[in-house]
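Input: a single structure, listed below in structure tokens.
The values are calculated or read from the model by the stated rules, or taken from the named source; none is laboratory data. It should be emphasised that the depicted structure is a prediction, and the values quoted were computed from it without experimental measurement. Don't worry about glycine lacking a Cβ; one is built from the backbone with ideal geometry, like all the others, and counts go over all protein chains shown. Side chains are part of the model used for accessible areas, which takes the heavy atoms of the whole protein and leaves out ligands, DNA and RNA. Shrake-Rupley method; radii C 1.70, N 1.55, O 1.52, S 1.80 Å.
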Amino acid sequence: MSTDNNPSDNSANKGNKPGNKTMKKKQMKIWFLIPLIVFIGLFIMLAQRLGKPTDIVTNTALERPVPAFELPLLSDTSRIMTNENLPDEPFLLNIWGSWCPTCIIEHPFLMELEGRGVNLVGVNYKDEIGDALGYLNRGGDPFSMSIQDLSGQFALDLGLTGAPETFVVDGEGVIRQHIIGEVHEENWQNRITPCLMVLNDANDNNVSPDPSQVAEACK
């Protein structure tokens, strides 16, 4: 019997048709092109970002009153503090925690500021009370009072990005400046002091701070 009509031979011949080989080559080319397309897309995205600001914009309470709070006093958690307990003069609101390495670095300078008569209010952020009190006992307490923000919600309402951070508040309870990171001699002299001078002057004269002066001094 002739083998010319063998079905298996016919299948093999069909599989080797030029059209099938061309299709396979096209599929291989597509797979090779996919990484190139992805790379070109990423390159275009990066190119569009060139020259644009990369600073993170935080949603802070700047130029707004200190957010409403009802939080325990760190030194006596049976007492609940509110906005009514905040100073009626310009002050610094400092976010700190015993677990925070930069807070430890910053702490001696806060003690210096307290010695210079600067009014500091502390917000103890996500800290165990024993650890927080031990921290103040060891390093000294620069704060006229500290409130315990165990959940961290109050600090988030302020616009915290990470402890330590400090907010300069005027005598009317409005936040005028936000210092991200450690307070030290340089930013104290160059940023915080000019702001406090304007706020203290307005407070001494029993008037609201001039917006143009605040904009210039509290940058």
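Considering (1) surrounded by fewer than 16 Cβ atoms within 10 Å (Cβ to Cβ); (2) modelled with pLDDT under 95, the lone condition that Gly159 does not fulfil carries the number (1). Of everything in region 93-146 that is in a loop (DSSP other than H, G, I, E, B) and among the hydrophobic types (A, V, I, L, M, F, W, C), the residue that is surrounded by the fewest Cβ atoms within 10 Å (Cβ to Cβ) is Trp99.
Residues considered: Thr102, Thr22, Thr54. Of these, the only one that is modelled with pLDDT of 95 or more and among the hydroxyl-bearing types (Ser, Thr, Tyr) is Thr102.
The residue pairs whose first member lies in region 131-143 and is in contact (Cβ under 8 Å) with a residue 60 or more places away in the chain, whose second member is outside any loop (DSSP other than H, G, I, E, B) and open to solvent by 20 Å² or more (accessible area, probe 1.4 Å), and whose beta carbons are closer than 6 Å, counting only pairs six or more residues apart or on different chains, do not exist in this structure.
Residues that are open to solvent by 20 Å² or more (accessible area, probe 1.4 Å), part of a strand (DSSP E or B) and either touching a Lys or Arg at 6+ places or on another chain (Cβ under 6 Å) or modelled with pLDDT of 95 or more (or both) are absent from region 181-188.
Out of the residues in region 78-92 meeting the condition of being open to solvent by 70 Å² or more (accessible area, probe 1.4 Å) and assigned to a strand (DSSP E or B), tell me which one is nearest to Gly152 (Cα to Cα). Looking at the filtered set, the residue picked out is Ile80.
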